[in-house]
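To start, the structure itself, in structure tokens.
The values are calculated or read from the model by the stated rules, or taken from the named source; none is laboratory data. Owing to the predicted nature of the structure, the values given are computational and were not obtained by experimental measurement. Here the Cβ positions follow ideal geometry from the backbone for every residue, glycine too, while neighbour counts run over all protein chains shown. Each accessible area value is taken on the protein alone, full model and side chains, heavy atoms only, with ligands, DNA and RNA left out. Shrake-Rupley method; radii C 1.70, N 1.55, O 1.52, S 1.80 Å.
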Protein chains: 2
Amino acid sequence: MTPGVQIIAERSGTAFPLPCGAILTVIDPCGEQVADLLAYNARDMDEVISSGRTLDYAETIRLTTGHRLYSNRSRAMLTIIDDSVGVHDFLLTPCSIDTFLHFYPDLPPHRGCFGNLAEALRPYGVAPDRIPIAFNCFMNVAVDGESGNLRVLPPVSKAGDRIAFRAEMDLVIGLTACSAPDSNGGSFKPIHYRVEASLQ
Amino acid sequence: MTPGVQIIAERSGTAFPLPCGAILTVIDPCGEQVADLLAYNARDMDEVISSGRTLDYAETIRLTTGHRLYSNRSRAMLTIIDDSVGVHDFLLTPCSIDTFLHFYPDLPPHRGCFGNLAEALRPYGVAPDRIPIAFNCFMNVAVDGESGNLRVLPPVSKAGDRIAFRAEMDLVIGLTACSAPDSNGGSFKPIHYRVEASLQ
């Protein structure tokens, strides 16, 4: 495996600092897996990634290379600098035990990415109520423009696909390997990621 | 004017308690105007309306009669019980001075619905960072399912159109008359609303 690559085991999550200027690459090592990503301002954790601000500025729900992910204070937190997939979701909140009970009543409930993010971010002082809509790397949510209907489809990512972000401020990142069957084509897999000080 | 109707002047906002079971009707008195709506649990203001949870449960971005608006804790806060329009937005955050500077660089900047909501909710202990994506009554945001592109179009609401919500818990509501030219067809108008203890 490439040196410096970290592994997030299936159905788990992690959190780590990402300094301004550093590059975070999120890799789908097996294909068809989703990684929920959150970002907080490391110097003021009340500033957090905002789907609504980002979609407003981008004027699209299809975010890819060149787009910036904005905070609730309208400041750029991350810039997408590379993307081999082009299909990600920024509409839905991380799955939780409540959404498992709703969507998978016949399966053993799981705390989901919400629970995994809550645990990973607790040491940084993030309460569960402060977990917003995540940028869901590789998640494939089809929107029917006419009816408005949403469908969660298997990701189009293949083994080795990746998306890379540059930090535009000092951040704390939360990142998971998805726990919800519908989001990853019914199989649970790890997520890999790598942090580099810069692309130099 | 109908007894009990309250007026929100153009480009302003208000906040008020809405007890469990009460009915809130938001009325577009002139047509083609938008009202940004927020809801907080009156007994614990950390519980707040959540676009991501709501869209996940509804499996559509086109919310109308029968749909419930959920909190960040996956609990129903409001049920839409009547809707003469059927086109509302739950993707975008309220406009702020930053979004004005971005989208309308040639116009005098305005604090927007974000600033109006922040002021109206301050007496309830809501900090500006706690203002999430609002349920934007009558706002017409077209999504191209293929490209993902978003377009903010004039509302399809006509004079007298309305949407009504039943409170599913004791709430504090934030509500505005939109300040952003693109959202209301370029003219600023008031919003009317009415609160009834129940439909009986």
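What is the one condition in (1) out of contact with any helix residue (DSSP H, G or I) (no Cβ under 7 Å at 6 or more places or on another chain); (2) under 15 Å from B:I163 (Cβ atoms); (3) of a type in the set (F, W, Y) that B:F16 does not satisfy?
Of (1) out of contact with any helix residue (DSSP H, G or I) (no Cβ under 7 Å at 6 or more places or on another chain); (2) under 15 Å from B:I163 (Cβ atoms); (3) of a type in the set (F, W, Y), only one is false for B:F16: (2).
For segment B:15-30, enumerate the residues that are in contact with a Leu (Cβ under 6 Å, 6 or more places away or on another chain) and open to solvent by 10 Å² or more (accessible area, probe 1.4 Å).
Answer for segment B:15-30, where residues must be in contact with a Leu (Cβ under 6 Å, 6 or more places away or on another chain) and open to solvent by 10 Å² or more (accessible area, probe 1.4 Å): just B:A15.
Mind checking which residues of segment B:170-179 are open to solvent by less than 10 Å² (accessible area, probe 1.4 Å), at pLDDT 95 or above and not aliphatic (A, V, I, L, M)?
Correct list: B:G174, B:T176.
Given (1) of a type in the set (K, R); (2) assigned to a helix (DSSP H, G or I); (3) open to solvent by 10 Å² or more (accessible area, probe 1.4 Å), identify the lone condition not met by A:R53.
(3)
Please state which of the following conditions A:S74 fails to meet, knowing it meets all the rest: (1) under 23 Å from A:D182 (Cβ atoms); (2) in contact with a His (Cβ under 9 Å, 6 or more places away or on another chain); (3) part of a loop (DSSP other than H, G, I, E, B).
(1)
Of all residues in segment A:76-128, count the ones that are over 20 Å from A:D28 (Cβ atoms) and of a type in the set (A, V, I, L, M, F, W, C).
Number of matching residues: 12.
How many residues, within segment A:129-169, are at the interface with chain B (Cβ under 10 Å from one of its Cβ atoms), under 16 Å from the mean Cα position of the chain (by Cα) and either open to solvent by 30 Å² or more (accessible area, probe 1.4 Å) or free of Cβ contacts under 8 Å to residues at least 60 places away in the same chain (or both)?
Final tally of qualifying residues: 4.
For segment A:57-97: of the residues being without any contact (Cβ under 8 Å) to a residue 12 or more places away in the chain and open to solvent by 20 Å² or more (accessible area, probe 1.4 Å), which is farthest from the other protein chains (Cβ to nearest Cβ)?
For segment A:57-97, the residue satisfying everything is A:A58.
Inspect all residues belonging to segment B:149-168 and state whether any of them is over 28 Å from A:E59 (Cα atoms) and acidic (D, E).
Yes.
Could you list, in sequence order, all residues of segment B:162-182 that are more than 22 Å from B:F16 (Cα to Cα) and touching a strand residue (DSSP E or B) at 6+ places or on another chain (Cβ under 6 Å)?
The one that is more than 22 Å from B:F16 (Cα to Cα) and touching a strand residue (DSSP E or B) at 6+ places or on another chain (Cβ under 6 Å): B:D182.
Kindly indicate the residue of segment B:31-47 that is open to solvent by 50 Å² or more (accessible area, probe 1.4 Å) and assigned to a strand (DSSP E or B) and also farthest from A:P128 (Cα to Cα) among those meeting that condition.
Residue satisfying both the conditions and the ranking: B:D44.
Within segment A:172-181, identify whether any single residue is of a type in the set (S, T, Y) and over 15 Å from A:C95 (Cβ atoms), and answer yes or no.
no
Of all the residues that make up segment B:12-30, how many are within 17 Å of B:I173 (Cα to Cα) and either polar (S, T, N, Q) or assigned to a loop (DSSP other than H, G, I, E, B) (or both)?
7
Is it true that A:I7 is at pLDDT 95 or above, surrounded by fewer than 18 Cβ atoms within 10 Å (Cβ to Cβ) and of a type in the set (V, I, T)?
For A:I7, the condition - at pLDDT 95 or above, surrounded by fewer than 18 Cβ atoms within 10 Å (Cβ to Cβ) and of a type in the set (V, I, T) - is met.
Is at least one residue of segment B:180-198 touching a Gly at 6+ places or on another chain (Cβ under 7 Å), open to solvent by 20 Å² or more (accessible area, probe 1.4 Å) and free of Cβ contacts under 8 Å to residues at least 60 places away in the same chain?
no
Has segment B:89-105 got at least one residue that is over 20 Å from A:Y57 (Cα atoms) and not small (G, A, S)?
No, there is no match, as no residue in segment B:89-105 is over 20 Å from A:Y57 (Cα atoms) and not small (G, A, S).
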